[in-house]
Amino acid sequence: MIRSLLKHKSSFLLNLFGLVLGISCFLFTLSFGFYERSYDSYQSKRDRICRVATDVHSGGVETHVGLSLGILCDQLPGVFPEIERMVRFQAFSGRTGIRQKPGEPLVPLKTAYYTDETVFSVFSYRLTEGDARTALAAPNSIVLTAGLKQRLFGSGPAMGQTLTENGKPLKVTGVLAEVPGNSDLSFEALFSLTTLKPEDRGDWAYCFILFRNPGAMGGFQYKLDTLVKNQLNREIDVDGNTRLSLVLQPLSTLHYSAPRERDTPKGNPLYVTIFLVTGVLILLIACINSVNLGIVRSFSRVMDVTIKKIYGASRARLIGQHVLESMFAGLVAMALAFLLVWLLLPVFAAVVDRRMSAQDVFNRQMLGAAAGALVLLGLGGSVYTGIYLRRVKLADTLKGGAGGAKNGSVGGLRIVPRVILGFQFFITIGMLVAALSVYRQVAYFRSAPLGYNPDNVLIVNLPQNEEAAAGVTYIRNGLSGDANVLQTAACSESGLPGKGVDIDVYRYRERGRQVRKTIYHIDVDARYLAALKIPIIKGRNFPDVADTAAGRNAIVTASFARMAGWSDPLGEVLYHEDQKCPVIGVIPDFHYGSLHSAIQPMVLLQQVGQPDYLLARVAGTKTAAVLNRLEAHWKKAFPEIPFSYSFLDEQLIQQYRDEYNLLSLLLTLTVLMVAISCIGLVAYISFLLRMARADIAVRRVIGAGFYHIYTLFVRQFIWLLGIAFIVAAPLAWWFTQVWLRQFAYHVSPRATDPAIAVIAMGGLVGLIVLRFCLQSMRENPARVLREN
């Protein structure tokens, strides 16, 4: 076997290169698929845990929210005996920092939650330090993750240490092992819920139920619906116009549930399927190439096989040798592929924006899949080649050498590689069409008119406490006095595009009658429209004054006015409880959310209380100077809070994180698929030219030129490309339609995309054929004819 591989080392290395590429792509996509499908699998009680989400129904409008009322965690366990425990995660403001001692640098705390002390008896979070039963029992207790502990204390002890957060003491009562990346709810720290005032513990939170046994989950939704109907909704809205529905979401399916307002990031099962299918196709093409190369190599080994048959070699031995050689190449390729995946895993994890580790590659599932791929590879072309070579006629071979088998006995060798190559063309053309469609849609995300201008808009995260008002005013005055700042504005968290609107029930006149409905609204100040360059098409802007009366004014979008049937929106009034909100202006519709969803009718209310964000439109070339001065002002105003900022256009792009990841991977995989297909094409063209050496020599002797020889061979691939195009084009068109359908706003499929794909493949095929035809033209016809 070794002698045979060394004799055909160029073919072996070419085969090995294609297999390493194909298997590596397969392992990357498979590890990503397993990672995505394993969310929260480390939770030992995941089959008994459900999250309680909320649906709000009001006036024909339904709003789906990932949160529910935290007070349910106190009430439901006493009503339903099948509930063992309930735990809530109530958001802690991320715009803060903690430090060990005064004067030390602040460590930003981005994601943290207040939670019940029983959280560790529900979820399998592993404490490396501290007692899980008492870690969050006392007020002002904090449990750190290992990463945050390292940033604060390094290798020193953390237990019992006191931290300060905005001047308030926090005692470290536990250290958690790092929360796995494939967790639907991630955090850096947990605070004791008893730190909050009793009246604040029932606010909106992520609420989870631990049932006493998995069977109790099945019929509990009906009991929950009955309780909400008979008690909760009667307390919320006595006239029955607004009602809530509580929805159970099993933890095992939570990551792939439909996205909701105020929810954690969710996975897209379609993209996981696309990655897995692409990885399998690339592996299949790599195996097909191995078959092609084996067939080509077997043609040059006809004499060797014939001699072995003369000496009595059995069919099993001939087939076994080819299987063994193929398996050896597969083992070497598999080892190199795992090494390559291990080396490139950090790069891959960064591209897909996941926290993947070596354990996600070197595990039983991955090794089992690799073993299956190896068996597929070993049994692919080697069995076919071995059976064919067993049927080679001895007389023909001895009479004509290696070429003696080229007449009637190589029909299968002509047909099978051709069919295989056509299949490769089919897959590659389909992948190119899909990549073109994804590229155009992702480009549309950047170029689509949003109805406002997000470029060069700086976002400053403001502190969330009443004492910060003076500091906010100081920061804003500093920005307004900067010549490089064109406009400033302030808004609530809902006023930041892409963050999610607020939802409340309002009364207003709709098509001549009074209705009570849920409306989407955001809270902004009088400079918000100017900062984002949103025009007013009717009426006027909010008055630029800071008083409570101004907060009663409303500006509606054009779609809201159409929905309400207002021919003259100015003077119409919205009522919320005892608050009267006259409509003073109308603005065009704008894409407040992502392009995944249709534009919703919306109301803008003037910000009265403490804003959550400060917006500043900056002159394009002066951003660094503005940031330096802003940070200096910040340290004077808020020495205990870290300076945190972002840019609006970059933040909006994060809404399409999965699509950008899909594009990056799809383009990479498509390029690799084309490269692997070219390896198979090289093998087949080499095979054809070896079989046609005598024919080419005869044609050259009778006067055929290079053009004639080139067209003779290239036209054999034109009809293969044509058939592949006819089959692949409608399938790729269908896939494009299905994928684009998930976006409310998207590009239209182009008929030219399949044409571009087939022309690109045709050009590549033409270049490869050209290279080998030039090589064949350098051979001496007389010498070729003598050898044959």
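The values are calculated or read from the model by the stated rules, or taken from the named source; none is laboratory data. From a predicted model like this one, the values you see are computed outputs, not experimental measurements. Positions of Cβ are generated from backbone atoms using ideal geometry, with glycine treated the same way; all protein chains shown enter the neighbour counts. Areas reflect the complete protein model, heavy atoms only, side chains present, ligands, DNA and RNA absent. Shrake-Rupley method; radii C 1.70, N 1.55, O 1.52, S 1.80 Å.
Quick notes on this one:
- Across the range 659-676, rounded Karplus estimates of 3J(HN,Hα) from the backbone phi angles (6.51 cos²θ - 1.76 cosθ + 1.60, θ = phi - 60°) give 5, 5, 4, 4, 5, 4, 5, 5, 5, 4, 5, 5, 4, 5, 5, 5, 4, 5 Hz, Gly and Pro being marked x.
- Options 205, 462, 248, ranked by Cα towards positive dipole end of the chain, top entry (Cβ charges): 248
- Heavy-atom accessible area, probed at 1.4 angstrom with all protein chains present, ranks 342, 204, 634 as 342, 204, 634, highest first.
- As a calculated quantity, the FRET efficiency between residue 45 and residue 667 at R0 = 41 Å, using C-beta atoms, amounts to about 0.50.
- Cα centroid separation, the range 711-726 to the range 242-268 (Å): 50 Å
- For residue 176, the amide hydrogen comes within under 5 Å of the amide hydrogens of 128, 144, 145, 146, counting only partners 5 or more places away or on other chains and with H modelled in the peptide plane.
- Rounded to the nearest 10 degrees, the inclination of helix 469-480 to the longest alpha-carbon principal axis of the chain is 60 degrees.
- Residue 731 contributes an accessible area of around 90 Å² to the protein surface, as traced by a 1.4 Å probe with all chains present.
- Degrees, to the nearest 10: 752-777 long Cα axis against longest axis of the chain: 30 degrees
- Note on surface exposure: 171, 636, 149 rank 636, 171, 149 by accessible area, highest first, 1.4 Å probe.
- Accessible heavy-atom area order of 222, 271, highest first, probe of 1.4 Å: 222, 271
- Probe 1.4 Å - accessible area at residue 423, Å² to nearest ten: 80 Å²
- Answer label for Cα extents along the principal axes in Å (calculated), chosen among (1) 104, 61, 56; (2) 84, 78, 46; (3) 115, 95, 43: (1)
- Local electrostatic count at residue 202 - Lys and Arg +1, Asp and Glu -1, tallied over other residues with Cβ under 15 Å: -3
- In a fully extended conformation the segment linking residue 775 and residue 364 would gain 143.2 nm over its present Cα-Cα distance, using 0.36 nm per residue.
- Estimated dipole of the chain in Debye, rounded to 20 [Cβ of Lys and Arg +1, of Asp and Glu -1, Cα centre]: 4640 debye
- Greater than 31 Å apart at Cα, pairs in 110/197; 45/110; 223/499; 580/635; 101/197: 223/499; 580/635
- Global geometry of the range 710-788, whether rounded, prolate or oblate, following the gyration tensor of its Cα atoms and the 1.5 cut on a/c: prolate
- With K and R counted +1 and D and E -1, the other residues having a Cβ less than 12 Å from that of residue 661 yield a net charge of -2.
- The range 434-524 shape via C-alpha gyration tensor axes, a/c threshold 1.5: oblate
- Rolling a 1.4 angstrom probe over the protein heavy atoms with all chains in place gives the range 681-788 an accessible area of 53 Å² per residue.
- The range 108-224 shape via C-alpha gyration tensor axes, a/c threshold 1.5: prolate
- Ranking 44, 61, 14 by how far each Cα lies toward the positive end of the dipole of the range 12-62 (charges on Cβ) leaves 44 at the top.
- The long axis of helix 411-447 is offset from the longest Cα principal axis of the chain by roughly 20 degrees.
- The residues of the range 224-285 present an accessible area of 47 Å² per residue when probed at 1.4 Å with all protein chains retained.
- The share of accessible area on the chain that comes from carbon and sulfur is 58 percent, using a 1.4 angstrom probe.
- Counting Lys and Arg as +1 and Asp and Glu as -1 over every other residue whose Cβ lies under 10 Å from the Cβ of residue 54, the net charge comes to 0.
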